[in-house]
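**Student:** Handing you a structure now.
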Amino acid sequence: MIPRSHKRLVRVAIVGVPVLFAAIAILQMRIDAQTRAGAQEQQELMLRSGAMVKKMSLGYESLLADIYWTRAVQYWGAQLGVPHSHYGLLWPLLDITTTLDPHLIVAYRFGAIFLSEPNAGARRPDLAVELVKRGVQANPDDWHLKSDLGFLYYWYLHDYKDAAATYFAASKDPQGPSWLAFMAARISDTGGSIDTSRMIWTQIYNSTDNATTRKKAVEHLAELQATEDEHHLNALAEQYRRHFGHYPSSTRDLRDAGMIRGIPRDPAGFPYEFNTEGKSHLDPNSPIPTLDDLDNPKKQ
């Protein structure tokens with residue numbers, strides 16, 4: 001004879017599991033409808049509470065976490081083509097995913113990118129920090145997450161004190177590479193220098209096999225190179241003004257004055273330009289955003 005408590009559990013499972021998956025189906029229909037419309041972003045999410053979803057999962061936490069993570073990736077990809085998107089469903093999806101499975105490392109690492117990027121994400125590095133902190137707490141032996149947290153402090157929040165401290169803490173992990181300690185020291189010494197930024201993005205490029213991450217690193221390295229080139233050209237333009245009484249109208253003026261050889265071009269192959277105040281800038285047709293564009297995104 002089956003105990004009454006077991007019968008009750010069976011009835012709960014029979015009723016609860018279909019209801020849960022129906023709710024997920026409703027969520028997916030909302031996301032799909034939002035994608036097709038491509039306009040006003042929905043701010044409400046079915047079963048917004050990760051804790052509530054976990055209670056209803058009846059032992060299917062890992063499966064549901066994979067489903068919600070897939071939805072988060074699909075949602076992020078769909079919003080890339082929506083002008084002025086605020087990615088309003090991204091944080092709830094990631095919150096539910098990591099509540100269901102606190103050990104799903106990919107959700108923390110790539111979710112942080114989705115949240116923090118200004119031109120291809122939600123422009124919410126604060127939420128990215130919260131997400132990765134949660135990942136570090138749930139996975140204290142994963143040095144990658146500690147390194148990611150240090151990077152978020154450094155690149156997106158310009159909090160060099162916390163960035164250095166976080167990299168230093170990560171360097172104490174016996175599984176972590178030796179460059180983490182060097183990164184902590186370098187940030188403590190130089191703060192937000194271009195050389196330090198280049199070193200970090202180069203290390204990110206060399207330490208991952210993920211194509212998306214490597215592509216992002218290449219883009220940021222190009223941005224850093226363009227910024228460094230512009231600083232150099234600005235200094236030359238000031239020298240030109242002191243000698244000729246006016247700023248150069250183009251880099252050709254610098255070349256003709258013998259101050260440079262050839263026409264300097266950005267990493268995408270476009271020549272740099274000058275404004276009337278002698279400040280160099282990228283060609284409007286260049287695909288490379290400046291670091292100012294990243295901090296104050298206009299290309300939405």
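The values are calculated or read from the model by the stated rules, or taken from the named source; none is laboratory data. Note that this is a predicted model, so its numbers are computed, not measured. Positions of Cβ are backbone-derived with ideal geometry, glycine not excepted, and every protein chain shown enters the neighbour counts.
**Student:** If I ask for residues that are within 21 Å of Asp195 (Cβ to Cβ) and touching a residue at least 40 places away in the same chain (Cβ under 8 Å), which ones from region 222-258 would you list? I'd like the intermediate steps shown before the answer.
**Tutor:** Here is the first cut: in region 222-258, the ones within 21 Å of Asp195 (Cβ to Cβ) are 222-236.
Passing the criteria: Ala222, Glu223, Leu224, Gln225, Ala226, Thr227, Asp229, Glu230, Leu233, Asn234.
**Student:** What pairs can you find where one residue is in region 61-90 and assigned by TED's automatic domain parsing to the domain that holds Phe114, the other is of a type in the set (D, E, K, R), and their Cβ atoms are less than 7 Å apart, with a gap of 6+ or different chains?
**Tutor:** Glu61/Lys54; Glu61/Asp101; Ser62/Asp101; Ala65/Asp101; Ser85/Glu41; His86/Glu41; Gly88/Glu41
**Student:** Among Ala185, Ala169, Ala217, which is the only one that is part of a helix (DSSP H, G or I) and touching a Ser or Thr at 6+ places or on another chain (Cβ under 8 Å)? Before the answer, list the steps.
**Tutor:** Working: Ala185 fails: touching a Ser or Thr at 6+ places or on another chain (Cβ under 8 Å); Ala169 fails: touching a Ser or Thr at 6+ places or on another chain (Cβ under 8 Å).
None of the others qualify; the one that does is Ala217.
**Student:** Could you check region 145-161 and list, in sequence order, the residues that are assigned to a helix (DSSP H, G or I) and closer than 18 Å to Ala185 by Cα?
**Tutor:** Kept after step one, since they are assigned to a helix (DSSP H, G or I), are these residues of region 145-161: 145-156, 160-161.
Correct list: Lys146, Ser147, Asp148, Leu149, Gly150, Phe151, Leu152, Tyr153, Tyr154, Trp155, Tyr160, Lys161.
Yes/no matrix, rows are residues, columns are (1) small (Gly, Ala, Ser); (2) within 11 Å of the chain's Cα centre (by Cα):
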{"residue": "Glu117", "(1), (2)": "no, yes"}
{"residue": "Phe151", "(1), (2)": "no, yes"}
{"residue": "Ala164", "(1), (2)": "yes, no"}
{"residue": "Ala181", "(1), (2)": "yes, no"}
{"residue": "Asp195", "(1), (2)": "no, no"}
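**Student:** Then there's this: Quick one: would you say Thr208 is under 29 Å from Phe151 (Cα atoms) and among the polar types (S, T, N, Q)? Even if it seems obvious, please write down each step before you answer.
**Tutor:** Values: under 29 Å from Phe151 (Cα atoms): yes; among the polar types (S, T, N, Q): yes.
Criteria met by Thr208.
**Student:** Can you name every residue in region 210-226 that is surrounded by fewer than 17 Cβ atoms within 10 Å (Cβ to Cβ) and over 22 Å from Phe110 (Cβ atoms)?
**Tutor:** Passing the criteria: only Gln225.
**Student:** Could you check, for region 105-114, whether at least one of its residues is small (Gly, Ala, Ser) and either surrounded by fewer than 19 Cβ atoms within 10 Å (Cβ to Cβ) or not assigned by TED's automatic domain parsing to the domain that holds Ile67 (or both)? Don't jump to the end; show me each part of the working.
**Tutor:** Start the filter on region 105-114 by keeping residues that are small (Gly, Ala, Ser), which leaves 107, 111-112.
Within this subset, residues satisfying the condition of being either surrounded by fewer than 19 Cβ atoms within 10 Å (Cβ to Cβ) or not assigned by TED's automatic domain parsing to the domain that holds Ile67 (or both) are none.
The answer is no; no qualifying residue exists.
**Student:** Which residues, counting only those in region 105-161, are within 17 Å of Leu89 (Cβ to Cβ) and acidic (Asp, Glu)? Even if it seems obvious, please write down each step before you answer.
**Tutor:** Residues of region 105-161 that are within 17 Å of Leu89 (Cβ to Cβ), as a first pass: 107, 110-117, 120-124, 127-128, 130-131.
Those that are within 17 Å of Leu89 (Cβ to Cβ) and acidic (Asp, Glu): Glu117, Glu130.
**Student:** Also, quick follow-up: Which of the residues spanning region 117-146 are of a type in the set (Gly, Ala, Ser), modelled with pLDDT under 95 and closer than 18 Å to Trp201 by Cβ? Before the answer, list the steps.
**Tutor:** Looking only at region 117-146, we keep the residues that are of a type in the set (Gly, Ala, Ser), and these are 120-122, 128, 135, 138.
Those left that are additionally modelled with pLDDT under 95: 120-122.
Ala120, Gly121, listed by residue number.
For (1) more than 19 Å from Pro289 (Cβ to Cβ); (2) assigned to a helix (DSSP H, G or I); (3) not assigned by TED's automatic domain parsing to the domain that holds Gly111, each residue gets a yes or a no:
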{"residue": "Asp195", "(1), (2), (3)": "yes, yes, yes"}
{"residue": "Met199", "(1), (2), (3)": "yes, yes, yes"}
{"residue": "Tyr205", "(1), (2), (3)": "no, yes, yes"}
{"residue": "Thr227", "(1), (2), (3)": "no, yes, yes"}
{"residue": "Leu233", "(1), (2), (3)": "no, yes, yes"}
{"residue": "Ala237", "(1), (2), (3)": "yes, yes, yes"}
{"residue": "Arg242", "(1), (2), (3)": "yes, yes, yes"}
{"residue": "Ser249", "(1), (2), (3)": "yes, no, yes"}
{"residue": "Arg252", "(1), (2), (3)": "yes, yes, yes"}
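**Student:** A further question on this structure: Only one residue in Asp229, Asp256 is on the phi < 0 side of the Ramachandran plot, at pLDDT 90 or above, surrounded by 17 or more Cβ atoms within 10 Å (Cβ to Cβ) and among the acidic types (Asp, Glu), so which one is that? Working first, answer last.
**Tutor:** Details: Asp256 fails: surrounded by 17 or more Cβ atoms within 10 Å (Cβ to Cβ).
Matching residue, one of Asp229, Asp256: Asp229.
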